[in-house]
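The structure under discussion appears below in the form of structure tokens.
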Amino acid sequence: MPIYEYLCNKCGKNFEYLQMGGDGSGIQCPHCQSGDISRLMSCFATSPGQGGGGLGMASAPGGGHKCGSGGFS
Ligand SMILES: [Zn+2]
């Protein structure tokens with residue numbers, strides 16, 4: 001499944017969104033509910049089982065980007 005990463009242009013936070021066949025319209029920032037978002041370069045989906053993949057856990061404090069940070073075991 002494609003998981004896309006988005007950046008909110010309003011609050012500056014990034015989040016992941018599991019896109020299921022749609023065109024991505026209507027996605028809102030889970031932090032501030034703004035629709036002013038940009039899609040970032042997609043990462044490979046992390047393996048299931050990492051906390052259930054809830055949207056609330058998508059953004060790490062400090063703006064750490066997990067792409068390329070060696071998250072795979
Ligand atoms: Zn936001």
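Some points to look at:
- Extension gain from Met20 to Cys32, taking 0.36 nm per residue of separation minus the Cα-Cα distance: 2.1 nm
- Total formal charge among the other residues, if their Cβ is under 13 angstrom from that of Cys32, Lys/Arg +1 and Asp/Glu -1: +1
- Under 5 Å, built H, 5+ apart or other chain: amide partners of Asn14: Cys8
- The protection proxy used here, the mean number of other Cβ atoms lying within 10 Å of each residue, ranks peptides 29-38, 10-19 as follows, highest first: 10-19, 29-38.
The numbers here are math on the coordinates, done by the rules we state, and not lab data. Quantities reported herein were computed from a predicted structural model and do not represent experimental measurements. Neighbour counts are summed over all protein chains in view; Cβ atoms, including those assigned to glycine, are modelled from backbone coordinates with ideal geometry.
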